[in-house]
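Okay, structure first, notes after.
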Amino acid sequence: MRAEASDGLVQSGTSSFSGGETHTGSRPAVQQCFRDRFLAHMGQRLLPIDVAEVAYYFSANKLTYLKTYADKQYVLDYSLDELEHILDPRRFYRANRQFIVSLKAVQKIYLYFTSKLKVDLNPAAEEDFELSAWRPTPLVVA
């Protein structure tokens, strides 16, 4: 069973007018909701973690983890593919098959050979974190 926080969704990119309808321009806007907290596993307990505390999400050994800025690591009941759709893309970036990174967690970016970028994260990832230099990335242009 998936552990979920009761009020873990926030709306983004909408503006409200009278009557509670949401509009942007001439067409009705699609409300986009993103998670603002998760319940993470800590032994037999579930611990609420605010998305603002998360530096990055990663997969290893067929599990998905989140790593906080306080350098704590927790297991989640979501795949990276699921997380990619429920996290705010203005704050998080799907960098590769193993990582979804908070833009604030990026410390340095290095040219790594001719077609790769090496990224230093804070807190540091246990393995080297690389990106394709040819793929557009908000880590570089943000």
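Taken together, the values in this text are just the output of simple stated rules run on the coordinates, not laboratory data. No experiment lies behind these values; they were computed from the predicted model shown. FYI the Cβ positions are ideal-geometry reconstructions off the backbone, even for glycines, and counts take in every protein chain you see.
Quick check: net charge around A52, other residues with Cβ under 12 Å of its Cβ, Lys/Arg +1 and Asp/Glu -1?
Details: positive: R35, R37, R91, K104; negative: D36, D50, E53, D88.
Residues near A52 contribute 0 overall.
Take T114, T68 and order them by how many other Cβ atoms sit within 10 Å, fewest up front. Can you show the working numbers first?
Working: T114 7, T68 17.
Ascending number of Cβ neighbours within 10 Å: T114, T68.
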Note on the range 34-142: alpha-carbon gyration tensor, axes a ≥ b ≥ c; rule is a/c under 1.5 for rounded, else prolate if a/b larger than b/c, else oblate; result prolate
At R0 = 22 Å the Cβ-Cβ FRET efficiency linking N96 and L47, nearest 0.05, sits at 0.25
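Mean separation of Cα pairs under 8 Å and 6+ residues apart, divided by the residue count of the range 22-128: what relative contact order is that in percent? Write out the running numbers ahead of the final one.
On the way: 162 pairs, mean separation 20.8, N = 107.
The normalised contact order for the range 22-128 reaches 19 percent.
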Amide H contacts under 5 Å for L121, restricted to residues at least 5 apart in sequence or on another chain and with H modeled in the peptide plane, are Q107
Proxy exposure order for K116, K67 (fewest C-beta within 10 Å first) is K116, K67
Computed ³J(HN,Hα) along the range 102-112: with the Karplus parameters 6.51/-1.76/1.60, θ = phi - 60°, integer Hz and x for glycine or proline, the list is 6, 4, 6, 7, 6, 9, 9, 10, 10, 6, 10
Rounded to one decimal in nm, the spacing of the 7 Å Cα→Cβ label points at D36 and L111 is 4.3
